[in-house]
Amino acid sequence: QVQLVESGGGLAQAGGSLRLSCAASGSAFTIYTMYWYRQAPGRQRELVASISSGGNTNYAGAVKGRFTVSRDNGKNTVYLQMNRLKPEDTAVYYCNAGGANGVWGKGTLVTVSS
């Protein structure tokens, strides 16, 4: 089974950028659609972006045009490039393989200051 470890979170100023990485162990990585979710304090977890095994991407409206999801199947890694960050992007960001009933990472905290 795939195991996921996120990294790259931290503190950024509004308007800045961060790049999140999600490293996957296991040989089945390439068959999974990969997802990035986030959960802000006091709010429900929400879908941010997804990328299929073939590279098709989808984004939540709140991040479209600012965030870019990509994957490197050779490195078993999925990325989330976050540009023009806003304070409302502050959340714990989770990597997921296979959807809500799939495999979750432990998350990485992103804090955006105004």
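Some values worked out for this structure:
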{"read-out": "Condition check for Val78: in contact (Cβ under 8 Å) with a residue 12 or more places away in the chain, touching a helix residue (DSSP H, G or I) at 6+ places or on another chain (Cβ under 6 Å) and among the hydrophobic types (A, V, I, L, M, F, W, C)", "value": "no"}
{"read-out": "Selection count, the range 6-29, where residues are in contact with a helix residue (DSSP H, G or I) (Cβ under 8 Å, 6 or more places away or on another chain) and buried (at least 19 other Cβ atoms within 10 Å of the Cβ)", "value": "0"}
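Computed from the coordinates by the stated procedures, all read-outs in this text should not be read as laboratory data. Here the structure is a predicted model, which is why all the values come from computation and not from measurement. Because the Cβ atoms are built from the backbone with ideal geometry, glycine has one as well, and the counts that use them run over all protein chains shown.
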